[in-house]
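Shown next, in structure tokens, is the structure this report addresses.
The values are calculated or read from the model by the stated rules, or taken from the named source; none is laboratory data. Please read these numbers as outputs of a predicted model, since none were measured by experiment. Note: ideal-geometry Cβ built from the backbone for every residue, glycine included; neighbour counts use all protein chains shown. In case anyone asks, the SASA skips ligands and DNA or RNA and just uses the protein heavy atoms, side chains included. Shrake-Rupley method; radii C 1.70, N 1.55, O 1.52, S 1.80 Å.
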Amino acid sequence: MQVMAGTSPETLAPLPSRSLLRGDVAAGGPQWLPAVLVFGSIAAVAYADFIVTSISLGYLYILPLGISAMFLRSQISYGLIAVCVFLHDLFGPPYPSLQARITHNLTALAGFTFVVYVIQRYVKQRDCLTRQCATSAINFCRMLNSPRRFRGCFLPIRRPSIAGLEIAGMMRPVRGVGGDYYDYIPIDKHTIQIVIADVAGKGVPAALLMSATAAAVQLEVSEKREMLEVVNRLNNGIHSVSDGDRYVTLLLADIDALSRSPPICQLWP
């Protein structure tokens, strides 16, 4: 116990490289099981190749070689190809000539190598895809755990500068991310449009619907339309991407600092 406690990480790091198994397989379960399965299947095929002398059973070695390509290290898998070719040459049926023997062994060597290469390439691509998915999931969780960064994608960065108006806004969700949204969109030098929205519910689902609402608002207010028409189009657009359990309450108002008239508001729904 004292020796293990005093061993540095640098000393323990080279240990997985001495294993017969690939790194992820060695860390995920009993190391002896895949090795026993591979070598046991090679022995079984070699025994069948020995007792059956009427036909060639060299193709059966593809089974243990395929298992080795999935579980064992690359160098071990390619080394087992030579072992399988040797066993088949030793226990297989006799050849009519030396040239036929050499040709058969070279054909078996090329075929076994191709099978191992294809399986190992598939395993590497699968592992790479798994790592990429895990990395994407971690990055997404980090983004969700950073409420300021997540909200900053949709909320206004700076206040608009309109003479006669002083505007300030702040949002502080309860669960880090939420469905509250506000924005102010300048129309001209003295008119601004205020948007305040609240998605029913909390957490990530509400935040995703809030992002769709923010995108729809930015798209609609960029066009010159009557306020009622804008709200109707927002109603149809948000309804098409939301489920029946969530809805958005949205306030849209035009404020004219020059005329100082009451704001033109539209509440939806």
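So the values come out like this:
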quantity: Where a residue in segment 197-211 is at pLDDT below 75 and its partner, wherever it lies, is open to solvent by 50 Å² or more (accessible area, probe 1.4 Å) and part of a loop (DSSP other than H, G, I, E, B), with Cβ under 6 Å and at least six apart; calculated: Gly201/Arg246; Lys202/Arg175; Gly203/Arg175
quantity: Total residues in segment 137-169, condition at pLDDT 70 or above, open to solvent by less than 70 Å² (accessible area, probe 1.4 Å) and over 21 Å from Ala197 (Cβ atoms); calculated: 3
quantity: Residue in segment 63-74 that is part of a helix (DSSP H, G or I), farther than 18 Å from Leu20 by Cβ, open to solvent by less than 80 Å² (accessible area, probe 1.4 Å) and among the β-branched types (Val, Ile, Thr) present; calculated: no
quantity: Pick from segment 227-251, criterion in a strand (DSSP E or B) and among the aliphatic types (A, V, I, L, M), ranking: most open to solvent (accessible area, probe 1.4 Å); calculated: Leu251
quantity: Boolean, Ile192 is within 19 Å of Val221 (Cα to Cα), surrounded by 14 or more Cβ atoms within 10 Å (Cβ to Cβ), aliphatic (A, V, I, L, M) and modelled with pLDDT under 75; calculated: no
quantity: Counted residues, segment 76-118 - those being in contact with a helix residue (DSSP H, G or I) (Cβ under 6 Å, 6 or more places away or on another chain) and open to solvent by less than 40 Å² (accessible area, probe 1.4 Å); calculated: 14
